Amino acid sequence: MLLSYARERDVIGYQRPMAVFVALGAFLMTLAGGWTAQRVTDRRHLVLGLAGGLMLGVVGLDLLPEALEAAGDEVFGVPEALLLFVAGFLLAHLVERLLAARRAAHGADEHGHRSPEVGLTAAAAMVGHSAMDGVAIGAAFQVGGGMGVAVALAVIAHDFADGFNTYTLTSLYGNARRRAIAMLVADAIAPVLGAASTLLFTIPEGALGAYLGLFGGVLLYLAAAEILPEAHHEHPARSTLLCTVAGAAFIWLVVGIAE
């Protein structure tokens with residue numbers, strides 16, 4: 001038993017540096033999203049539909065089960081991981097509403113003119129979220145390679161939209177192109193730094209489960225409230241829906257192979 005545990009820890013220890021390597025995929029995908037924001041094509045809705053399906057699959061089929069297993073404590077009869085899952089969803093919703101209110105307030109104050117500061121604030125929030133994406137990749141690789149790959153796929157898919165939105169938000173509110181590119185580069189680097197930070201410490205199992213639950217709530221909100229509505233907004237086509245289903249099915253396949 002001890003030998004088996006030691007071997008497992010050795011394997012995970014070997015896998016942990018992979019988190020930084022995998023996070024480079026998020027770096028490239030973020031830059032691709034920003035590049036696409038400058039050259040929008042009519043296929044963007046298919047990419048976003050696929051990203052939404054991948055995120056939904058990771059949350060429901062892999063992230064939540066792992067979080068429930070790692071964080072087994074209950075609070076008033078409800079598993080801690082589920083409480084944090086709901087808290088993550090509400091936190092993402094709160095942040096979005098606060099930013100929307102600030103945008104509306106600045107729009108009113110500026111008599112219809114967009115405020116560059118609002119764009120920078122929104123982009124900075126995206127950068128902070130991307131850093132936490134990197135931490136999530138590193139934390140998942142501390143659980144195991146299968147979990148790490150599944151979470152990384154969701155993060156990488158999601159970071160296309162992150163890069164797209166970071167560039168769009170920065171430039172939409174009147175910032176110069178160089179500022180938009182600077183925020184895009186910062187957003188691309190953030191997940192790599194976040195993943196690298198997890199090489200310096202090992203997250204305790206209970207805390208890991210709690211964090212995965214919280215991250216799952218945030219991820220589900222982004223998929224349900226932002227990515228999928230945006231994917232179907234102007235192109236409510238069956239092909240977009242099929243991409244979403246394909247994304248969720250692919251995660252099911254990844255989870256099955258990993259098990």
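Reported to two decimal places, what Rg/Rh ratio describes the stretch 121-245 when computed on Cα atoms with Rh from the Kirkwood expression?
The Rg/Rh ratio comes out at 1.01.
With a Cα-only, solvent-free Debye model of the stretch 130-170, what are the log10 I(q)/I(0) values at q = 0.25 Å⁻¹?
Log10 of I(q)/I(0), two decimals: -0.76.
Once the whole set of protein chains is in place, how much accessible area is left on GLU74, using a 1.4 Å probe, in Å² to the nearest 10?
Its heavy atoms expose roughly 120 Å² to the probe.
Among 85-96, 206-217, what's the highest-first ranking by average C-beta atoms within 10 angstrom per residue?
Output ranking for 85-96, 206-217: 206-217, 85-96.
At a 1.4 Å probe radius, which order do THR202, THR240 fall into by accessible area, largest first?
THR202, THR240
Along the stretch 53-67, what does the Karplus equation 6.51 cos²θ - 1.76 cosθ + 1.60 (θ = phi - 60°) give for ³J(HN,Hα), rounded to whole Hz, x for Gly and Pro?
With coefficients 6.51, -1.76 and 1.60, one gets x, 4, 5, 4, x, 5, 5, x, 9, 9, 5, 5, x, 5, 5 Hz.
How far, in nm, would the chain grow between LEU94 and GLU74 when pulled straight, counting 0.36 nm per residue and subtracting the alpha carbon separation?
4.7 nm
What would the Debye formula give as log10 I(q)/I(0) at q = 0.15, 0.26 Å⁻¹ for the alpha-carbon point model of the stretch 49-89, no solvent?
The calculated log intensity ratios at q = 0.15, 0.26 Å⁻¹ are -0.39, -0.86.
The values are calculated or read from the model by the stated rules, or taken from the named source; none is laboratory data. Worth saying up front: this structure is predicted, and the values here are computed from it rather than measured. Cβ: placed from backbone, ideal geometry, glycine included. Neighbour counts: every protein chain shown. For accessibility, only protein heavy atoms count, side chains too; no ligands or nucleic acids. Shrake-Rupley method; radii C 1.70, N 1.55, O 1.52, S 1.80 Å.
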